[in-house]
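Asker: What follows is a structure written as structure tokens; I'll ask about it next.
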Amino acid sequence: MYYPKISSTCKTPKYKQILQAIIDDVEKGVLKKDQRLPSINDLSAELWIGRDTVERAYRELRGQGIITSIQGKGNFIAGTGAKKLKILLVFNKLSSYKKIIYYSFLKTLGDKATLDLHIHHYDVQVFKDIIEKNLGKYNYYVIMPHFSYDADQNEYKRILKSIPSEELVLLDKDLPSLNSKYLAVYQDFEKDIFNALQSALDLLNKYQKLTLIFPVDGQYPIEILNGFRYFCLCYNKNFSIINNLAEEVPHIGTVYITIEESDLGDLFKKIKQLNFTPGKDLGIISFNDTALKEVLSVTIITTDFEAMGQTAANLLLNKKQIKVKNSFYMIRRTSL
């Protein structure tokens, strides 16, 4: 027998909790057309609440056309409710690249789903609040699990584990330590930067040093650093890692790899002042493409953001609980 879930600690009145739980389960397909609900006496006893509370909830459900009552037989689901999937999308931040994923995901879902977007801003507490307030209300929870370096890993993993694995979708980053079966479309940041740089050895070999500009705000995957170091050590490359360009004077014979747009802008200002030519005096590689980078002929390493959204949506619609590594590649231009 089906029983709606309610909380004794929630400030929402019990009848409203019953009302919303049944509506949500109808929309999610948990409750089917013509399915019988518990009697008022049974539900009252099961949830330890008064009969009048259950009566009020059922009365409102009848008023909304969600249930129907048959004399002597009981209360039944009147229809299947909304056929669309309800999806909660939780990003770490908004950016032009996240928007590409969002719109690709939305377009691929089409009219088969409704989508709500929240941002956790790398903050575990914000993430916790979002999930706790929305758990049980959606068919799928699509999460970008990027958090700051000092975030409590055990806590955000505990929150992720509170989501039923069949409803969990991870985007952009995988977390194998969750030890559960879920859908994921992810980047392998360490291997991706290694392989991208390896594919450009013919160009990199004309330079004496590689410098990665890696911000210290804790918002970029540490695996990027690991992959960069590993490449340089494997191929005996002289390298350095700096946090920003404030104190850096660009050197001839060095390849600069930028992650943030502001660092790329600062780099171009400095090489213009020094009258250096990208691709000749020094090299430039940047993460993720833009129209401006194309105009400036900047060499790019990037994942396919549009493909990430499309793949996740298609797998979700086809109820596939698999992990797919998103494609990552280099776009060669004259800055290298």
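Asker: So with the 1.4 Å probe, I'd like the accessible area per residue for segment 1-100, rounded to whole Å².
Answerer: Here the residues of segment 1-100 average 57 Å² of exposed surface.
Asker: Multiply the residue separation of Ser96 and Tyr230 by 0.36 nm, subtract the distance between their alpha-carbon atoms, and state the gained length in nm to one decimal.
Answerer: 45.3 nm
Asker: Taking square-rooted eigenvalues a ≥ b ≥ c of the alpha carbon gyration tensor, is segment 236-280 rounded, prolate or oblate, where a/c under 1.5 means rounded and, failing that, a/b exceeding b/c means prolate?
Answerer: Oblate, since a/c reaches 1.5 and b/c is not below a/b.
Asker: So the label point goes 7 Å from the Cα of Ser7 along Cα→C-beta, right? Which residues of segment 157-179 then have their backbone N under 20 Å from it?
Answerer: Only 157-165, 167-168 fall inside the zone, counting backbone N under 20 Å.
Asker: Taking the Cα atoms of segment 283-322 alone, what are Rg (to one decimal) and Dmax (as a whole number) in Å?
Answerer: So, for segment 283-322, Rg and Dmax equal 15.0, 45 Å respectively.
Asker: Quick one: net charge around Tyr207, please, counting Lys, Arg +1 and Asp, Glu -1 for every other residue with C-beta under 13 Å from its C-beta.
Answerer: Combined, the nearby Lys, Arg, Asp and Glu give +2.
Asker: A further question follows. Count the net charge of all other residues whose Cβ sits under 15 Å from the Cβ of Gly253, scoring Lys and Arg as +1 and Asp and Glu as -1.
Answerer: +2
Asker: Which residue, Asp266, Asp202, Asp129, has the most motion in a Gaussian network model of the chain that connects Cα atoms within less than 10 Å?
Answerer: Judging by the Gaussian network model, the answer is Asp202.
Asker: For Gln321 and Lys32, calculate 0.36 nm times their separation in residues minus their Cα-Cα distance, and state this gained length in nm to one decimal. Present the calculation step by step, with values, prior to reporting the outcome.
Answerer: Details: separation 289, 0.36 × 289 = 104.04 nm, distance 2.38 nm.
Residue separation times 0.36 nm, minus the Cα-Cα distance, leaves 101.7 nm.
Asker: Right, next: What whole-number distance in Å separates the alpha-carbon centres of segment 213-286 and segment 180-209?
Answerer: Using only Cα atoms to place each centre, the spacing works out to 15 Å.
Asker: Then there is this: How much net charge surrounds Asn134 when only the other residues with a Cβ under 12 Å from the Cβ of Asn134 are counted, with Lys and Arg +1 and Asp and Glu -1?
Answerer: -1
Asker: Could you state the principal axis extents of the C-alpha atoms in segment 142-184, from the largest down, to the nearest angstrom?
Answerer: Computed over segment 142-184, the largest-to-smallest principal extents equal 29, 19, 15 Å.
Asker: Need one number: convex hull volume per residue for segment 1-136, Cα atoms only, in Å³.
Answerer: That works out to 118 Å³ per residue.
Asker: Among Leu94, Gln125, Ser8, whose Cα projects farthest towards the positive end of the dipole of the chain, with charges put on the beta-carbon of Lys, Arg (+1) and Asp, Glu (-1)?
Answerer: With unit charges placed on the Cβ atoms, the residue in question is Ser8.
Asker: Using only Cα atoms, what is the ratio of the radius of gyration of the chain to 2.2 N^0.38 Å? All intermediate terms of the calculation are to be shown ahead of the outcome.
Answerer: Numbers: Rg = 26.1 Å, N = 336, 2.2 N^0.38 = 20.1 Å.
Here the Cα radius of gyration is 1.30 times the empirical estimate.
Asker: For segment 1-108, what % of the accessible area comes from carbon and sulfur atoms, probe 1.4 Å?
Answerer: Numbers: 3160 of 6160 Å².
So the carbon and sulfur contribution to the accessible surface is 51 percent.
Asker: Per residue of segment 287-300, in order, report the coupling 6.51 cos²θ - 1.76 cosθ + 1.60 (Karplus, θ = phi - 60°) as ³J(HN,Hα) in whole Hz, putting x for Gly and Pro.
Answerer: For segment 287-300, the Karplus-derived couplings read 7, 6, 8, 9, 4, 5, 5, 5, 4, 7, 6, 8, 5, 10 Hz, x marking Gly and Pro.
The values are calculated or read from the model by the stated rules, or taken from the named source; none is laboratory data. The shown structure was predicted, so the numbers you read here are calculated from the model rather than taken from an experiment. Please note: Cβ atoms are built from the backbone with ideal geometry, for glycine as well, and neighbour counts cover all protein chains shown. Each accessible area value is taken on the protein alone, full model and side chains, heavy atoms only, with ligands, DNA and RNA left out. Shrake-Rupley method; radii C 1.70, N 1.55, O 1.52, S 1.80 Å.
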